[in-house]
């Protein structure tokens, strides 16, 4: 048994140490909000925070995480209240199919933590997640709205 | 419509004794069959439905049943709006559920078509879902009349409350729903005039957002069950090839591995406790394939096959007016150009997956699908059980785009589960498997020849398409004397689906069918996409040859509805007015999926050849507008999809196999390349058109036309990434 610090809790898992964090979250800890898209850190669907840094969990062996704090999409509104970014997402009606949106929101949350008033160029640089439905225009709108909230 | 004294549960199926006609079901059923009667007493009946579409709980909660699949396009919310509009219910009380395809069959297809494609979700089902809402409303009013002991005609319904104006008495829907559910439905109902709509036609918020921003939404890939194992598959890398052998002993002892099986003679599957363990073992599994002659097919082989078709004598005629060849031969000026459009991949963000549980007398599947009834047919065929003993529980789709209209992944999951009876098997495709085993957007080329008279009028036009037919591969029964009518989408002579908008006195549009071994499929927008690239790019080439402005040139030829929507976008974009230095406009229009759409692209190309798409102005006439906010999102999203294809979308073949394996070799538009999209809605409120697809087709030609203005370079072969736009290059 190994322990991961996820969303403020110490959780046990029995995965092989080289298993990507993504699959430990999804299959051992039943946190399926973090999505598998490409497995090669291209699409960002699997983005989580490790000590607050937006990280593509498909390329992180679980044994490299140690006791650093992992936050997943389920950990944002842990007390049942949406964060200002999630709220901005709801207000702008951002998701279409929604599959990429966990990763989008985790990336946007890290962006706003680092740059509370991001420019469009900041958003372009930080938000490299792929959305096939094409929600980019609403993602941008929601990030700006959250920055003002 | 008959009233059904039943209550549905999405989790547990209730079978009753209905004689079912499956004649219209996709997937090969053609005979009626009888579903065995099960003990009705065992069925927990909590809340009775008012009809197939509407269930109202005592606390006023409204459950709308939705047969079509939600995959991001907003159909779920739009259909709920239409039901709620006629029901006169409180929108804040509306929730939804999917009936299952099995329940649909058991109830004589009461929900009609489950298939979700061709932008048909709303345009084809609006009438019967609105009738469902209206009938439920009338039944609620009748029940309230009985309870209040007043004539029904003196009652009005609004916001889930029925009011007797004279006495001031009110009763809520929840209070009379149980009584209403016992009543006979009205024989007929009058639907509201759309100009009186209060919920439909408005930009209400989607019903599926909160789950999607909190990680709680369950997609097919997230489904889990007690005792479930996870499988992953590798099919022959060459589509059409066979599995020769595999050495299961090499991986059977690896962590978590439960079983290694072959399916369909062309694929191997590892079943393990987790996806990661299954994937790791599959990667280590030695396999040998029988590829044969298909292994000699290269992209150049396919290209040569299509090139031959451009000038072949034999071709299917899709649209003919006058005598194009004679008119072109006699023209003062002749213009010819050849275009090509590659294979493309849908790339749903969620890779293909399905969970199946097969026992001796039952087969159940949980998955995202665009075609629940075809998935049901696939489950029946793969399990060998009669369809009455199968069902498909639909889950949210992480993207569809046409890909999830096919049921190959459902079949595979069932074939694996059949080999492990009683154990639920979740089959997940790796992204690599997904990229290399799609049904790809078909490959075509086109040669266009136009003739102009001395005044620059278009007197004759020949469009020769050469390339792949989707129907020939997937639905050969839908060919008409060998011809694939869908090949001419957007270029058809008439009809409400995808008619050609130009009045050309002498016109010939024909298709030399050339079918390589790569399986083609329906890809969001389908054949309108490449036909619009060919036609709308060439219209600019003709305008240039005639020395005329491309908008003015088109306006002389376009029929009224096509012209109006093009003018709407051009006006909004300020077409013809000065632009910032270095910026250029390109235009395009098309009619597809029942709607009229157009786009104006504003681009610049830097001295070193860097393309910047600054802004898109897009106009849409979908007839009736059910949710303007969702239409705007579909239009903006269509440019992401269409421009991803135009800039980067290309699947190529090497040694018979697909060369692109993941997102590092198949790029897509990201946020930094996303232009601002301004949507102009110009509804004429006289028809029902689709929205999810048509606009994709105008994205590429509008940008290509703007690039030609900016650089003088006419890009005729997609994708754009292969073209050097730098001056002098």
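Computed from the coordinates by the stated procedures, all read-outs in this text should not be read as laboratory data. This one's a predicted model, so the numbers in the text were calculated from it and none came from an experiment. Ideal geometry is used to build each Cβ from the backbone, glycine not excepted, and the neighbour counts take in all protein chains shown.
Mean partner shielding of peptide A:71-81, defined as the number of other chain Cβ atoms within 10 Å of each residue Cβ, is 2.
If you average the C-alpha positions of the stretch B:221-271 and of the stretch A:81-95 separately, how far apart do those two centres end up, in angstrom? Value for the Cα centre distance between the two parts: 40 Å.
Helix-only arithmetic for the protein assembly as shown: the sum of -39500 (n - 2.57) across DSSP H runs with n ≥ 4, divided by the residue total, places the mean residue ellipticity at 222 nm at -8000 deg cm²/dmol.
Highest mean first, the peptides B:212-223, B:258-269 sorted by other C-beta atoms within 10 Å per residue fall in the order B:212-223, B:258-269. Expressed to the nearest 5 percent, the antiparallel share of DSSP beta bridges inside the protein assembly as shown is 75 percent. For the Cα atoms of chain A, what angle does the longest principal axis make with the long axis of helix A:101-114, in degrees from 0 to 90, nearest 10? Approximately 80 degrees, to the nearest ten.
Relative to the current alpha-carbon distance between residue B:687 and residue B:360, full extension at 0.36 nm per residue lengthens the span by 112.8 nm.
Averaged over residues, the count of other Cβ atoms within 10 Å places the peptides B:385-394, B:288-297 in the sequence B:385-394, B:288-297, highest first. Counting Cβ atoms of other protein chains within 10 Å of each residue's Cβ and taking the mean over peptide B:400-406 gives 1.
If you take the square roots of the eigenvalues of the alpha-carbon gyration tensor of the stretch B:323-475 and sort them as a ≥ b ≥ c, do you get rounded (a/c under 1.5), prolate (a/b over b/c) or oblate? The shape class here is prolate.
Over chain B, what is the percentage of antiparallel beta bridges among all DSSP beta bridges, to the nearest 5? Looking only at bridges with both residues in chain B, the antiparallel portion is about 75 percent. For the stretch B:19-205, the antiparallel share of DSSP beta bridges with both residues in that region comes to about 80%.
Pairs of Cα atoms nearer than 8 Å and 6+ residues apart set the relative contact order; for the stretch A:2-75 it is 38 percent. From the square roots a ≥ b ≥ c of the eigenvalues of the alpha-carbon gyration tensor of the stretch B:450-599, which class results: rounded (a/c under 1.5), prolate (a/b over b/c), or oblate? It comes out prolate by the Cα gyration axes. Based on Cα contacts under 8 Å between residues 6+ apart, the stretch B:205-347 shows a relative contact order of 21 percent. For the segment B:347-360, counting C-beta atoms of other chains within 10 Å of every residue's C-beta and taking the mean gives 3.
With an a/c value of 1.5 or above and a/b larger than b/c for the gyration tensor axes a ≥ b ≥ c computed over the alpha-carbon atoms, chain A is described as prolate. How big is the gap, in Å, between the Cα center of the stretch A:22-59 and the Cα center of the stretch B:460-478? Cα centres, the stretch A:22-59 to the stretch B:460-478: 42 Å.
Working from label points 7 Å from Cα in the Cα-to-Cβ sense, the residue B:244 to residue B:571 distance is 6.7 nm. In this simple spin-label approximation, residue B:717 and residue B:97 carry label points 7 Å from Cα along the Cα→Cβ vector, and these lie 5.6 nm apart. For the pair the stretch B:65-113 and the stretch B:128-172, the centres of their Cα atoms are 22 angstrom apart. With the simple model of a label 7 Å out from the Cα in the direction of the Cβ, residue B:298 to residue B:672 spans 3.5 nm. Report the relative contact order of chain B, percent, no decimals, based on alpha-carbon pairs under 8 angstrom and at least 6 residues apart. Relative contact order, chain B: 13 percent. The peptide list B:367-378, B:561-572, A:75-86, put in order of mean Cβ contacts within 10 Å with the highest first, becomes B:367-378, B:561-572, A:75-86.
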